[in-house]
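Encoded as structure tokens, the structure appears first; notes follow it.
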Amino acid sequence: MTRGDDTPTWDAATRRLYGRRSARKLRPGRAKLLTEGLARVAVPDEPEGPLTAARLFGADVRRLWLEIGFGGGEHLAWQARANPEVGMIGCEPFLNGVASLLRHIADDGLSNVRVHAGDARTVIDRLPEAAVERAFILFPDPWPKRRHRERRIVSAETLGALARVMADGAELRLASDDPTQIRWMLQMAPPHPAFAWQVDGPDDWRQRPADWPQTRYEAKALAAGRTPVFLRLRRRTRPPQGSTFS
């Protein structure tokens, strides 16, 4: 199924979320954060109406950023601290990671973060068109086996959905240290008609910008001798209604 601008959309009836929901047993404090703290910052479940910045954060917040799979939450928390005028939405099904982000939120007193402890696609579906000014998919599970490639989050379907909710000129940031995942990202993202890869030379994928902090996954990759790749893509200006991307 495709949209009018030839970007694919997904069929909600065929969705399946892969990966772990939890690992080691949470310490009592972290478990309490999930049972009590999550409710205070959770993306509302009510299906009525779009998830606008004003609805999630109040009238003073007009900018939305989205992180899909925030892991331990250190990147999202850093961005929330550095950009208090931005409303940050984080989606992560791994409950240990959700608890970790909730600890960052509590310790830093962050009021500009909303959390969805589940499939990011259900949140993306509810966002208005052109509402997101920056999106992140950093070090996702690579699913390296060929038979599992439909499980990779960077896909035509995800990119098509992001193309709908990202504003013209918005930035999509991708990162991985897995060679199979890197090749897959390069096959999927730069050729997509809605996105333009922001690259002039090797430093543009070898080095993070100053406003892109290191995550624990990057640190682990470097310690293991793996070289991360950082991709930045810009959402192209939408064509006039009725036309398609060339």
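The values are calculated or read from the model by the stated rules, or taken from the named source; none is laboratory data. If you're wondering where the values come from, they're calculated on a predicted model, not measured in any experiment. Here Cβ is always computed from backbone atoms with ideal geometry, including for glycine, and neighbour counts include all displayed protein chains.
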Residue count, the stretch 57-71, condition in contact with a helix residue (DSSP H, G or I) (Cβ under 8 Å, 6 or more places away or on another chain) and either on the phi > 0 side of the Ramachandran plot or hydroxyl-bearing (Ser, Thr, Tyr) (or both), comes to 2
Would you confirm whether or not the stretch 238-245 contains a residue that is surrounded by 15 or more Cβ atoms within 10 Å (Cβ to Cβ), touching a strand residue (DSSP E or B) at 6+ places or on another chain (Cβ under 9 Å) and outside any loop (DSSP other than H, G, I, E, B)? no
Among the residues of the stretch 91-113, is any more than 28 Å from Pro209 (Cα to Cα) and free of Cβ contacts under 8 Å to residues at least 24 places away in the same chain? no
(request) Considering every residue within the stretch 85-99, establish whether at least one is assigned to a helix (DSSP H, G or I) and charged (D, E, K, R). (result) no
Note on the stretch 146-177: residues of a type in the set (Asp, Glu) and either without any contact (Cβ under 8 Å) to a residue 60 or more places away in the chain or exposed (fewer than 14 other Cβ atoms within 10 Å of the Cβ) (or both) are Glu150, Asp168, Asp177
### Query
Among the residues of the stretch 180-189, is any out of contact with any Pro (no Cβ under 7 Å at 6 or more places or on another chain) and part of a loop (DSSP other than H, G, I, E, B)?
yes
In the stretch 200-231, anything exposed (fewer than 11 other Cβ atoms within 10 Å of the Cβ) and not in a loop (DSSP other than H, G, I, E, B) is listed as Asp203, Ala223
Flagged in the stretch 51-79 as surrounded by fewer than 20 Cβ atoms within 10 Å (Cβ to Cβ) and within 18 Å of the chain's Cα centre (by Cα), in numbering order, are Thr52, Leu56, Arg63, Gly69, Glu74, Trp78
**Request:** Could you please let me know if Leu95 is touching a Ser or Thr at 6+ places or on another chain (Cβ under 6 Å), buried (at least 18 other Cβ atoms within 10 Å of the Cβ) and of a type outside the set (Gly, Ala, Ser)?
**Result:** yes
Taking the stretch 178-197 and keeping residues buried (at least 16 other Cβ atoms within 10 Å of the Cβ), at pLDDT 95 or above and not hydrophobic (A, V, I, L, M, F, W, C) leaves His192, Pro193
